[in-house]
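As structure tokens, the structure follows; a few thoughts come after it.
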Amino acid sequence: MRIGFIGLGRMGVGMAVNLVARGHEVTVYNRSPGKAQGVVERGARAAARIADACRGEAVLTMLADDAAVDAVVFGEGGVLASLREGAIHLSLSTISVALSQRLASAHATAGQPYVAAPVFGRPEAAATAKLFIVAAGPPHAVEACLPLFGAIGQRTFRFGTQAHVANLIKLSGNFLIGSAIEALGEALALVSTAGVDRLQYLELLTSTLFKAPVYEIYGRLIAEQRFEPAGFAAPLGLKDIALALEAAETLRVPMPLGRLLHHRLVALIAEGGETLDWSAIGRLSVGTGGQARTSGE
């Protein structure tokens, strides 16, 4: 397919490179032009303007937050104004339910199919095309995007015709990841304060009752206190938990654990953790363990 790709952060670069590798004709745009160089060297074309990335059958956006997506889509010379009728906007970003609804409405009015397809996975999964994709939107548009999903991920889950549902599912998933991180941090603090080796304890967890990537990946980061470079920075985690709480308020669903996570992330950032991986909320617990140690200490 002839596509545009907007947003070359740590996730977007890996996706764009994999799309090129699978034979798609990719034009990339990033607000900081230098980030496009590596993808251009792999065979992509560089766009000087957003409009230049909107000439094909679809444009993919992978941006940090609502403000960035709003500016790129609704701003002067943005995606909405530049995409031809019938071309697809495929949003891979983790954004609010409200913005996703607004995007779907605006694109429908313009005759441009809108598909929300946020992804689960860290930058290493993006680089190796191992992402899990949650897709929703007009069936014909989702179907047309399947070759793109196949280039960037290992499995796609389809959740109907209302695009914003995919964003709600993504936010709920990140809430669950954050909850697992908090629980791991507290459990590791409990046992390590008593002198238990953190990595040995983690091996017990992840080889028995908790055989899941979330516990394996984040448990090791917490046990080793290895929070830089950030695969998913704390401010992004705070943003996602805030959006989950916003959706919960709209739907009148209580989320007391979500409010705890919000407090923990605010505390982490206030203590200077803005550049750390969001798993560093586990540091707030483990860091208090007087006898805490890993097998390498």
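I want the local charge near residue 26. Using Cβ-Cβ distances under 10 Å, sum +1 for each Lys or Arg and -1 for each Asp or Glu among the other residues. Let's see the in-between values first.
Working: positive: 2, 22, 42, 45; negative: 25.
Summing Lys and Arg as +1 and Asp and Glu as -1 gives +3.
What FRET efficiency would be calculated for the residue pair residue 196, residue 85, taking the C-beta separation as r and a Förster radius of 51 Å, to the nearest 0.05?
0.25
By DSSP, what percent of the beta bridges with both residues in the chain are antiparallel, rounded to the nearest 5?
15
Counting Lys and Arg as +1 and Asp and Glu as -1, each charge on the Cβ, what is the dipole of the chain about the Cα centre in debye, to the nearest 20?
The calculation lands at about 500 debye.
Residue 8: net charge of surrounding residues, Cβ under 10 Å, Lys/Arg +1, Asp/Glu -1, itself excluded?
In short, +3.
Taking the Cα centre of segment 206-285 as origin, work out the dipole magnitude from +1 charges on Lys and Arg Cβ and -1 charges on Asp and Glu Cβ, in debye rounded to 20.
That gives segment 206-285 a dipole magnitude of about 240 debye.
Per DSSP H run of n ≥ 4, the term is -39500 (n - 2.57); total these for the chain, divide by its residue number, and report the mean residue ellipticity at 222 nm rounded to 500 deg cm²/dmol.
Helix-only estimate at 222 nm: -16000 deg cm²/dmol.
Quick one: helix 97-110 against the long Cα principal axis of the chain, what's the angle to the nearest 10°, folded into 0 to 90?
Relative to the chain, helix 97-110 is tipped by roughly 10 degrees.
Between residue 22 and residue 55, what FRET efficiency follows from the Cβ-Cβ distance if R0 is 22 Å, with the result rounded to 0.05?
Details: r = 20 Å, r/R0 = 0.89.
Efficiency computed from Cβ-Cβ geometry: 0.65.
Residue 211: which aspartates and glutamates have alpha carbons under 20 Å from its alpha carbon, excluding same-chain residues fewer than 8 sequence positions away?
124, 182, 186, 197, 203, 224
In segment 168-286, if the dipole is taken from +1 on Lys/Arg beta carbons and -1 on Asp/Glu beta carbons about the Cα centre, which of 263, 171, 232 is farthest to the positive end?
Farthest towards the positive pole: 171.
Is the shape of the chain best called rounded, prolate or oblate, per the rule: a/c under 1.5 gives rounded, else a/b larger than b/c gives prolate, else oblate, with a ≥ b ≥ c the square roots of the Cα gyration tensor eigenvalues?
Because a/c hits 1.5 or more and a/b exceeds b/c, the chain counts as prolate.
Under 1.5 on a/c is rounded, so check that first for segment 168-286, then, if it is not, pick prolate when a/b is larger than b/c and oblate when it is not; a ≥ b ≥ c are the square roots of the alpha carbon gyration tensor eigenvalues.
Because a/c hits 1.5 or more and a/b exceeds b/c, segment 168-286 counts as prolate.
How charged is the neighbourhood of residue 234? Take every other residue with its Cβ under 12 Å from the Cβ of residue 234, and add Lys/Arg as +1 and Asp/Glu as -1.
Spelling it out: positives minus negatives among the neighbours equals -2.
Quick check: the distance between the Cα centres of segment 65-116 and segment 4-26, to the nearest angstrom?
19
Can you tell me how segment 178-232 classifies by the Cα gyration tensor, rounded, prolate or oblate, using a/c under 1.5 as the rounded cut?
Judged from the Cα gyration tensor, segment 178-232 comes out oblate (a/c at least 1.5, b/c at or above a/b).
On a full-extension model of 0.36 nm per residue, what is the gain between residue 225 and residue 179, subtracting their alpha-carbon distance, rounded to one decimal in nm?
14.8 nm
Taking Cα pairs under 8 Å and at least six residues apart, what relative contact order does segment 168-286 come out at, in percent?
41
Computed from the coordinates by the stated procedures, all read-outs in this text should not be read as laboratory data. Please read these numbers as outputs of a predicted model, since none were measured by experiment. Methodologically, a virtual Cβ is constructed for each residue, glycine included, from the backbone with ideal geometry; neighbour enumeration extends over all protein chains shown.
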